[in-house]
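Here is the structure we will look at, set down as structure tokens.
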Amino acid sequence: MKTVLDKNRESRCRVLVICNDGDYFLRHRLSVVTHLSSIGVIVTVISGGDPIPADRIQGWDYIHVRIDRFRFNPISDVALMVRTARAIWSLKPDVVHLITLKPTVFSGIMSIISRFLHGHPKRILITLPGLGRTMSRSKGTSDRRYPVAAALTLLTFWILARFNCVQFTFETKHDFDYWAKRGVANNKNSSIIDGAGVDPARFYPREISESGSKTKIIFASRLLKSKGLEAFLMTARELAGRPDVLFIVAGAASAEDPDAIRPEYLRQLNEIQFLGQVKEMAPLLRECDVVCLPTRYGEGVPRILIEAAATGLASIASDHPGCREIVEDGITGQILCATSDLEMSRKLSAAIIGYLETPNRLKEHKHAACRHFQSRAFNQDACVARFTELLGVS
């Protein structure tokens, strides 16, 4: 016989979240799940990558699966489909929230099949924080790196977009337009949300600026060539003799990632201060002056640039749609356009020297960055509220 507690649990809304990487989920999507749990929603998270530590799982359930993020793998991809089907069958979620490309392709297919078989989920929300490597062009060419995977992804998205129960979220109008041209996105089934948002109670400017100290330039992202780390290192090497600047690198990368620059190599470099993975970015950013992200990665609005603006740092970034959403060229930082790491390094050096030789300009950009953050819906609460609304549990 069912108790009152059992009946109450059965009547509560259920959300199943599937993300390709646990670390990415914790950094970018945890706030939404935490909020859903706080208002009584039953949430289960399935993710790949490294297992999420037990002390980070609070108020929601967690299932770890193997997801090969860097290639199509028949074994793990089929396993993801099977695990998705089992989770939907047992949990009977009202909503499935799919985050990034691979969960959308494989878990998206199973979500539609499950809906036809037993009525769950009632709604599918797909969040695409950028085009990723699969849909991005190869460096210096008009060809895709993974043409077969890109074709499969496009076909799956086109099919998913035919169902009224499916909604998409993008982080930039550029990405929305990209998928709109391919018959996936439209004004009825898609929304644009400015990144994952950051908490202004944690990310805020330091009260007193240090005088006479070195200008600190930080690269804080995954340690990937496509994130522009090579160009950053070339710049640090070129300006290593200057006593008024310090180059800092913080971040981590999967050992399986073919695009990664290994931490062991970075630890040997004298021209940078390598910190590895930093759990608390806010205090570190308050000690810095400029965030640098010369990325060519197919991402949405880079979180590090939002964190930089909230903390009152100037940003130097590549001419990328996501970067342009948060960096106002010549006002809150500098946007650089380059076709190679060497060209980017030269422009990056010139931009940094410009800041070193005109400190008032750097100060103006830092203040303007904070004002820009406050004027836009980049804060965490706004993003959480929007996702809660789209999930239909507000």
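Read-outs throughout are calculated quantities, based only on the coordinates presented, and are distinct from any laboratory measurement. The model shown is predicted, which means the values in this text are computed figures rather than measured ones. A quick note on method: Cβ atoms are made from the backbone with ideal geometry, for glycine too, and the neighbour counts reach across all protein chains shown.
Summarised in one figure, the compactness ratio Rg/Rh of region 289-392, Cα atoms and Kirkwood Rh, is 1.03. FRET efficiency for Ala180 and Ala282, Cβ-Cβ distance as r, R0 = 41 Å, nearest 0.05? In this case the efficiency is close to 0.70. Centre-to-centre separation between the Cα atoms of region 245-263 and those of region 345-394: 23 Å. Note on the chain: dipole from Cβ charges, positive end direction compared against Cys165, Leu117, Thr311; the farthest Cα belongs to Leu117. In this Cβ point-charge picture (+1 for Lys and Arg, -1 for Asp and Glu), region 320-394 has a dipole of about 160 debye about its Cα centre. Where the alpha-carbon atoms of region 53-96 are placed on the principal axes, they occupy 33, 26, 14 Å, in descending order. Note on the chain: with charges restricted to the Cβ of Lys and Arg (+1) and Asp and Glu (-1), its dipole about the Cα centre is near 1140 debye. For region 215-375, taking the reciprocal of the average inverse distance between every pair of different Cα atoms yields a Kirkwood hydrodynamic radius of 15.4 Å. Overall, region 215-375 carries a charge dipole of about 240 debye about its Cα centre when +1 sits on the Cβ of Lys and Arg and -1 on the Cβ of Asp and Glu, all other atoms neutral. Look at the dipole of region 215-375 built from charges on Cβ: of Pro263, Met344, Leu284, the Cα furthest out on the positive end belongs to Leu284.
When the listed pairs Lys279/Lys366; Lys173/Lys347; Lys102/Lys188; Lys227/Lys347; Lys216/Lys347; Lys216/Lys366 are checked against a 21 Å cut-off, the alpha-carbon distance exceeds it for Lys279/Lys366; Lys173/Lys347; Lys102/Lys188. Kirkwood radius for region 258-342, taken over all pairs of different Cα atoms as the inverse mean of 1/r, rounds to 14.1 Å. Can you tell me what percent of all Cα-Cα pairs in the chain are more than 41 Å apart? Considering the chain, 15 percent of its Cα-Cα pairs are separated by more than 41 Å.
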